[in-house]
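The values are calculated or read from the model by the stated rules, or taken from the named source; none is laboratory data. This is a predicted model, so every value here is computed, not measured. Neighbour counts run over all protein chains shown; Cβ positions are idealised from the backbone, glycine included. Note: areas computed on protein heavy atoms with side chains; ligands, DNA, RNA excluded. Shrake-Rupley method; radii C 1.70, N 1.55, O 1.52, S 1.80 Å.
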Amino acid sequence: MAGHSQFKNIMHRKGRVDAVRSKVFSKLAREITVAAKLGTPDPTMNPRLRAAILAARAENMPKDNIERAIKKAAGNDGENYEEIRYEGYGPGGAALIVEAQTDNRNRTASDVRSAFTKSGGSLAETGAVAFMFDRVGVIAFPADVADADTMLEAAIEAGADDVRSDADGHEVTCAQDAYGEVSKALEARFGEPRRTGLIWKAQNTIDVDDETGEKLIRLVEVIEDQDDVQNVYVNFALSDALVEKMGA
């Protein structure tokens, strides 16, 4: 997840989210609606919906927008979205997993393929790179809820696999089938997390030179700009110099 986290930090420091806030809100609302339709409109009983609402709050999405998206699902209004996963390669042999939600599979496949091609990447068959990633749960808390040792002890007791703590906060990782129990136990002790959900975590990351790193950043940007794309996960790691340069 190092590569994915690095990229997200760059995008936020560049202010890119503010520049496309309406598109970000649209994607968040879509995930809220899909999550509510697949489960129940009650976030206390629907972990995926709760995670979607937390993500929306993190982006300062207005409460009215969140409630509207939930009501849309409860009223069975709007489009029925299909969830699709795409896999591919970028410059330097980096692997990417793309999650999309679409009401038109052909349109989305064409858009994602075009995004890969125009940025020096290539779309692959499903399963081509997924074996390099693990499907895991992540529960993230602010740094001030506990010190590193306390969080580690609590996470282990809850059944988590790993904890990464630094000045930015605590990130707890657990197996997919343990996600519900681990998140409940940690929320009961530390309160509402900053972020939670299921992600694709790279088993290993590959280091890329700065020239290749810039190409990969552009590739991910182009893919994420597609309306139907919800998440992009990568397995590359950027140099500190490039992170500083791109985040300036």
> What single numbered condition from (1) under 23 Å from LEU219 (Cβ atoms); (2) in contact (Cβ under 8 Å) with a residue 12 or more places away in the chain fails to hold for ASN106?
Replying inline: (2)
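Only one of these is hydrophobic (A, V, I, L, M, F, W, C), surrounded by fewer than 17 Cβ atoms within 10 Å (Cβ to Cβ) and not in a strand (DSSP E or B): ALA109, ALA69, ALA73. Name it.
The unique qualifying residue is ALA109.
One line per residue, one yes/no per condition, for (1) small (Gly, Ala, Ser); (2) farther than 25 Å from LYS27 by Cβ; (3) free of Cβ contacts under 8 Å to residues at least 24 places away in the same chain:
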{"position": "ALA100", "(1), (2), (3)": "yes, no, no"}
{"position": "THR117", "(1), (2), (3)": "no, no, yes"}
{"position": "VAL145", "(1), (2), (3)": "no, yes, no"}
{"position": "ALA148", "(1), (2), (3)": "yes, yes, yes"}
{"position": "ARG164", "(1), (2), (3)": "no, yes, yes"}
>> So, GLU181, is that one in a strand (DSSP E or B), acidic (Asp, Glu) and in contact (Cβ under 8 Å) with a residue 12 or more places away in the chain or not?
In response: no
> Just checking, which of GLU221, GLU171, GLU181 is of a type outside the set (A, V, I, L, M), surrounded by fewer than 17 Cβ atoms within 10 Å (Cβ to Cβ) and closer than 23 Å to ILE32 by Cα?
Replying inline: GLU181
> Consider ASN80 against the criteria (1) touching a strand residue (DSSP E or B) at 6+ places or on another chain (Cβ under 7 Å); (2) without any contact (Cβ under 8 Å) to a residue 60 or more places away in the chain; (3) loosely packed, with under 13 Cβ neighbours inside 10 Å: it satisfies all of them except one. Which criterion is unmet?
Replying inline: (1)
> When the residues of segment 46-61 are filtered to those that are without any contact (Cβ under 8 Å) to a residue 40 or more places away in the chain and not aliphatic (A, V, I, L, M), which remaining residue is surrounded by the fewest Cβ atoms within 10 Å (Cβ to Cβ)?
Replying inline: ASN60
>> Looking at segment 199-218 only, could you name the residues that are buried (at least 16 other Cβ atoms within 10 Å of the Cβ) and touching a strand residue (DSSP E or B) at 6+ places or on another chain (Cβ under 9 Å)?
In response: ILE199, TRP200, LYS201, ALA202, THR205, ILE206, VAL208, THR212, GLY213, LEU216
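So that you can scan it fast, the table gives a plain yes or no per residue for (1) under 25 Å from GLN101 (Cβ atoms); (2) touching a Lys or Arg at 6+ places or on another chain (Cβ under 9 Å):
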| site | (1), (2) |
| --- | --- |
| PRO142 | no, yes |
| GLY169 | no, yes |
| ARG189 | no, no |
| PRO193 | yes, no |
| GLN203 | no, no |
>> Of all residues being within 19 Å of GLY121 (Cα to Cα) and open to solvent by 20 Å² or more (accessible area, probe 1.4 Å) in segment 228-248, which is nearest to the chain's Cα centre (by Cα)? Just the residue, please.
In response: ASN231
> What residue, among those in segment 185-198 that are under 15 Å from LEU49 (Cβ atoms) and not in a strand (DSSP E or B), is least open to solvent (accessible area, probe 1.4 Å)?
Replying inline: PRO193
> open to solvent by less than 30 Å² (accessible area, probe 1.4 Å) and of a type in the set (Gly, Ala, Ser): does that describe ALA115?
Replying inline: yes
